[in-house]
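**Q** Mind looking over this structure? Questions follow.
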Amino acid sequence: MNTQLFDLRILLLFSYFSCFLILVPVSAKVFLSIDCGSSSSQPHTDANSIEWVGDDAYIQTGETHKVQVAPSNLSTWDYQVMSTLRAFPTRRRNCYSIDIEDTTTAERVLVRATFYYGNYDKKANPPNFLLHFNGNNWARIETSMSGIEYKEVAYSLNNGNNINICLAQTLSVTFRLYLRWKLEVWIQRFPEDSFDRIWHTTRPPTGLITVASNSPSIIVDTDDKPPEAVLRAALTSTLTRNHITYSGFADPKYPVHFNAYFSEVIELSSTQKRSMDISVDNKLINSIIVPKGPVIPPYGRALEVHIPNITSAYTIAFKPTDDSTLPSLINALEGFVIGDALVQGNSGWKK
């Protein structure tokens, strides 16, 4: 599987970016990170060993600014990158244009656009605007005074090697093409994750605890290759029969698809067993998950389970089977939606 990666970050007045990330297949080694609004001619390398370049080569319009306040959720992001932005106060639509040089083996790109208002204009009025990708509606951006927002899209490179990312004044309607979130117990990014996915720490809900793996190593040979560090901790219950649940809401037009990751944290004895059923809204779905359940986390290895087509309001439950002597356990949960076909390709991960 070939995948390339680019990372860009940008900000605007009616619309604005803080940065971009573009990732094309890892084997193609395309990883572009653009620090929007930066006037420095020298690249900046952040704590994750990601090199950021200024945005002058990719945009001809807009104004560069510095934010006035630091973001509240800075732990995942580099402050030097988030401290600058490019704002677009005059035109209804402004576009970044990026050419991918190595497309001979690339199947798809991952584009991440990041936004931080930071009261750069001293008006305390965070804007809302639309984000377009290669002529298609991507997302509606709603910014806040102190929080960092980001959107991601995975795109098949069927025609051409040019990517255009545009910000536009808000219209009455739009739709989301791609959304992904992760639930786990570590914050990990590049270089631990070669795709630079953002894994957020979650505080254990009441009745759940975080446990660490005692395995000397964890072999990760699953389709989507989560970083080993994410699998070294897990959520579990303090009581054997308790369930681990995750609730949310999905647009009926765009079902949510989940990848759940499991790795046993201890080497079990002959009298111990950890086994789980998966249900959605109290309906057992062992027959439709891949691989089919029940789920038995392997020790020293990773197991990836695909949970497809979740719609509307939902609650996913990981329940101990009747013969399980240990409570349920999960290391990470990743969800995404697949949007409408784009003009030059398809959104969403193509497995």
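**Q** Within segment 33-43, does at least one residue satisfy the condition of being surrounded by fewer than 22 Cβ atoms within 10 Å (Cβ to Cβ), at pLDDT below 80, part of a loop (DSSP other than H, G, I, E, B) and of a type outside the set (Ser, Thr, Tyr)?
**A** No, segment 33-43 has no match at all.
**Q** Tell me yes or no: at least one residue of segment 262-276 is open to solvent by less than 70 Å² (accessible area, probe 1.4 Å), among the hydrophobic types (A, V, I, L, M, F, W, C), closer than 21 Å to residue 337 by Cβ and in contact (Cβ under 8 Å) with a residue 24 or more places away in the chain.
**A** No, that holds for no residue.
**Q** Let me ask something else about it. Looking at segment 56-66 only, could you name the residues that are touching a Lys or Arg at 6+ places or on another chain (Cβ under 8 Å), open to solvent by 70 Å² or more (accessible area, probe 1.4 Å) and not acidic (Asp, Glu)? Spell out the reasoning first.
**A** Taking segment 56-66 and keeping what is touching a Lys or Arg at 6+ places or on another chain (Cβ under 8 Å), we get 59, 61-65.
Remaining after also requiring open to solvent by 70 Å² or more (accessible area, probe 1.4 Å): 63-64.
Passing the criteria: only 64.
**Q** Could you list, in sequence order, the residues of segment 298-326 that are open to solvent by less than 20 Å² (accessible area, probe 1.4 Å) and touching a residue at least 60 places away in the same chain (Cβ under 8 Å)?
**A** 300, 302, 304, 310, 314, 316, 317, 318, 320, 324
**Q** Taking segment 263-285 only, how many residues are part of a loop (DSSP other than H, G, I, E, B) and farther than 26 Å from residue 215 by Cβ?
**A** 3
**Q** Please specify each residue of segment 120-137 satisfying the condition of being touching a Ser or Thr at 6+ places or on another chain (Cβ under 7 Å) and part of a loop (DSSP other than H, G, I, E, B).
**A** 126, 127
**Q** Scan 53, 69, 24, 30 and give me the residue that is surrounded by 20 or more Cβ atoms within 10 Å (Cβ to Cβ), farther than 22 Å from residue 92 by Cα and at pLDDT 60 or above.
**A** Matching residue, one of 53, 69, 24, 30: 30.
**Q** Hey, another quick one. Need pairs with beta-carbon distance below 6 Å; first residue over 12 Å from residue 80 (Cα atoms) and within segment 38-53, second open to solvent by less than 40 Å² (accessible area, probe 1.4 Å) and among the charged types (D, E, K, R); sequence gap 6+ or separate chains.
**A** What qualifies is 48/189.
**Q** Could you list, in sequence order, all residues of segment 234-262 that are in a loop (DSSP other than H, G, I, E, B), among the hydroxyl-bearing types (Ser, Thr, Tyr) and within 21 Å of the chain's Cα centre (by Cα)?
**A** The first filter runs over segment 234-262 and keeps only residues in a loop (DSSP other than H, G, I, E, B), leaving 238-243, 251-255.
When the remaining residues are screened for being among the hydroxyl-bearing types (Ser, Thr, Tyr), the result is 238, 240, 254.
Within segment 234-262, 254 is the sole residue that qualifies.
**Q** Let me confirm something: among 283, 292, 225, 253, which residue is under 14 Å from residue 319 (Cβ atoms), open to solvent by 70 Å² or more (accessible area, probe 1.4 Å) and charged (D, E, K, R)?
**A** So the residue among 283, 292, 225, 253 that is under 14 Å from residue 319 (Cβ atoms), open to solvent by 70 Å² or more (accessible area, probe 1.4 Å) and charged (D, E, K, R) is 283.
**Q** Against the condition in contact with a Lys or Arg (Cβ under 9 Å, 6 or more places away or on another chain) and aromatic (Phe, Trp, Tyr), how does residue 254 come out, does it pass? Please lay out each step first, then the result.
**A** Details: in contact with a Lys or Arg (Cβ under 9 Å, 6 or more places away or on another chain): yes; aromatic (Phe, Trp, Tyr): yes.
Considered against the rule, which asks whether it is in contact with a Lys or Arg (Cβ under 9 Å, 6 or more places away or on another chain) and aromatic (Phe, Trp, Tyr), residue 254 comes out as yes.
**Q** Right, next: For segment 219-230, check the following and say yes or no: at least one residue is more than 13 Å from residue 298 (Cα to Cα) and part of a strand (DSSP E or B).
**A** no
**Q** Could you list, in sequence order, the residues of segment 191-218 that are part of a loop (DSSP other than H, G, I, E, B) and at pLDDT 90 or above?
**A** 213, 214, 215, 216, 217, 218
**Q** Can you pull out the residues in segment 106-135 that are open to solvent by 20 Å² or more (accessible area, probe 1.4 Å) and not basic (Lys, Arg)?
**A** Within segment 106-135, the subset open to solvent by 20 Å² or more (accessible area, probe 1.4 Å) is 107, 119, 121-126, 128, 132, 135.
Within segment 106-135, 107, 119, 121, 124, 125, 126, 128, 132, 135 meet the criteria.
**Q** Related question: Determine whether segment 327-345 contains at least one residue that is modelled with pLDDT of 90 or more, more than 23 Å from the chain's Cα centre (by Cα) and within 20 Å of residue 265 (Cα to Cα).
**A** yes
**Q** If you don't mind, there's one more thing I want to ask. Give the residues of segment 78-94 that are open to solvent by less than 20 Å² (accessible area, probe 1.4 Å) and either in contact with a Pro (Cβ under 7 Å, 6 or more places away or on another chain) or closer than 12 Å to residue 120 by Cβ (or both), sorted by residue number. Give the derivation first.
**A** Keep residues of segment 78-94 that are open to solvent by less than 20 Å² (accessible area, probe 1.4 Å), which gives 81-88, 94.
Within segment 78-94, 82, 83, 84, 85, 86, 87 meet the criteria.
**Q** Right, next: Out of all the residues in segment 79-87, is one or more more than 23 Å from the chain's Cα centre (by Cα) and free of Cβ contacts under 8 Å to residues at least 60 places away in the same chain?
**A** Checked segment 79-87: no residue is more than 23 Å from the chain's Cα centre (by Cα) and free of Cβ contacts under 8 Å to residues at least 60 places away in the same chain.
**Q** Being closer than 26 Å to residue 279 by Cβ, open to solvent by 20 Å² or more (accessible area, probe 1.4 Å), within 17 Å of the chain's Cα centre (by Cα) and free of Cβ contacts under 8 Å to residues at least 40 places away in the same chain is the requirement here; does residue 206 meet it?
**A** Taking the combined requirement at face value, the residue does not satisfy it.
The values are calculated or read from the model by the stated rules, or taken from the named source; none is laboratory data. The structure presented is a predicted model; accordingly, all values stated were derived computationally and were not measured. Positions of Cβ are backbone-derived with ideal geometry, glycine not excepted, and every protein chain shown enters the neighbour counts. We work out accessible area using only protein heavy atoms, side chains counted, and drop any ligands, DNA or RNA first. Shrake-Rupley method; radii C 1.70, N 1.55, O 1.52, S 1.80 Å.
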